[in-house]
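Asker: One structure coming up, written as structure tokens, with questions to follow.
The values are calculated or read from the model by the stated rules, or taken from the named source; none is laboratory data. Bear in mind the structure is a predicted one, so any value in this text is a computation, not a measurement. Neighbour counts are summed over all protein chains in view; Cβ atoms, including those assigned to glycine, are modelled from backbone coordinates with ideal geometry.
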Amino acid sequence: MNRPDRCDRLTIWCARVDALNRAVGRLLAVAMTAMLAIVLTVVVLRYGFGFGRVWLQEAYLWLHGSILMLGIGATLAHDEHVRIDLFYRSAGPRGRAWIDLLGVILLLLPMTATIAWTAFPYVARSWRILEGSREAGGLPGLFLFKSILLAFALLTTLQGLSLAGRSLKVLRER
């Protein structure tokens, strides 16, 4: 039985990372619908009936933050992230591969590493005390919400490595 060569294993790994982030994106689309329903409920209750709950407001704020942070990897997987197309649009496949590779190495990976490095003590402290909302009547589990910072760094780093791997594959081709 032939073992897949390094390039094939890289392709398989990149496809798995892409699939993971796309699955997260689909889950976040459902979460977006839930968030919109919660916002509608908060608005109707507050302005229609003069009734409000802190936990309900925190629920949509936490969902919103989670969707934004976790959606970055999915956005990168779909190649829908913000990019300055000044050079990228006119570049050929190899030029685009170089731009993507350098962008991952020089910008994305240092950024996600810095965020993970600085967020880890913050999240660890929150987990140690099982931090909850500071507001009376707020949601418990703030430590779970803060963990989204590390999940963001992990998913975005993995997706950046996948992009770098696909770029290397393009650069290796003749």
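Asker: Of the conditions (1) under 23 Å from the mean Cα position of the chain (by Cα); (2) closer than 25 Å to GLU173 by Cβ; (3) modelled with pLDDT under 95, LEU109 satisfies every one except a single condition; which number is it?
Answerer: Among (1) under 23 Å from the mean Cα position of the chain (by Cα); (2) closer than 25 Å to GLU173 by Cβ; (3) modelled with pLDDT under 95, LEU109 violates only (3).
Asker: ARG53 passes all but one of (1) at pLDDT below 95; (2) under 14 Å from the mean Cα position of the chain (by Cα); which number fails?
Answerer: It is condition (2) that ARG53 fails.
Asker: From the list ARG125, ARG166, pick out the single residue that is farther than 19 Å from ILE67 by Cβ and out of contact with any Cys (no Cβ under 7 Å at 6 or more places or on another chain).
Answerer: One residue alone meets the criteria, ARG125.
Asker: Sticking with this structure for a sec: Can you tell me how many residues in the stretch 136-158 are in a helix (DSSP H, G or I) and over 21 Å from LEU68 (Cα atoms)?
Answerer: Of the residues in the stretch 136-158, 0 are in a helix (DSSP H, G or I) and over 21 Å from LEU68 (Cα atoms).
Asker: Oh, and also: With the structure loaded, tell me whether LEU142 is of a type outside the set (Phe, Trp, Tyr), closer than 20 Å to ASN21 by Cα, in contact (Cβ under 8 Å) with a residue 12 or more places away in the chain and buried (at least 16 other Cβ atoms within 10 Å of the Cβ) or whether it fails that test.
Answerer: No, not satisfied.
Asker: Okay, next question. Do any residues in the stretch 55-78 that are under 24 Å from LEU101 (Cα atoms) have Cβ atoms under 7 Å from those of residues that are acidic (Asp, Glu), where the two are at least six apart or on different chains, and which pairs are they?
Answerer: If the second residue must be acidic (Asp, Glu), the pairs left are ALA77/ASP18.
Asker: Pull up the stretch 73-83, narrow it to residues that are surrounded by fewer than 19 Cβ atoms within 10 Å (Cβ to Cβ) and of a type outside the set (Asp, Glu), then point me to the one that is modelled with the lowest pLDDT.
Answerer: ARG83
Asker: Then there is this: Of the conditions (1) polar (S, T, N, Q); (2) over 21 Å from TRP13 (Cβ atoms); (3) not in a loop (DSSP other than H, G, I, E, B), SER167 fails just one. Which one is it?
Answerer: (2)
Asker: Of the residues SER133, SER126, SER162, only one is part of a helix (DSSP H, G or I), more than 15 Å from the chain's Cα centre (by Cα) and of a type in the set (Ser, Thr, Tyr); which?
Answerer: SER126
Asker: Could you grab me the full set of residues in the stretch 1-37 that are modelled with pLDDT under 95 and of a type in the set (Val, Ile, Thr)?
Answerer: Within the stretch 1-37, THR11, ILE12 qualify.
Asker: Let me ask something else. Report yes if GLY25 is surrounded by 17 or more Cβ atoms within 10 Å (Cβ to Cβ) and farther than 21 Å from LEU101 by Cα, otherwise no.
Answerer: Answer is yes for this residue.
Asker: Answer yes or no as to whether GLY48 is in contact with a helix residue (DSSP H, G or I) (Cβ under 8 Å, 6 or more places away or on another chain) and at pLDDT below 95.
Answerer: It is false that GLY48 is in contact with a helix residue (DSSP H, G or I) (Cβ under 8 Å, 6 or more places away or on another chain) and at pLDDT below 95.
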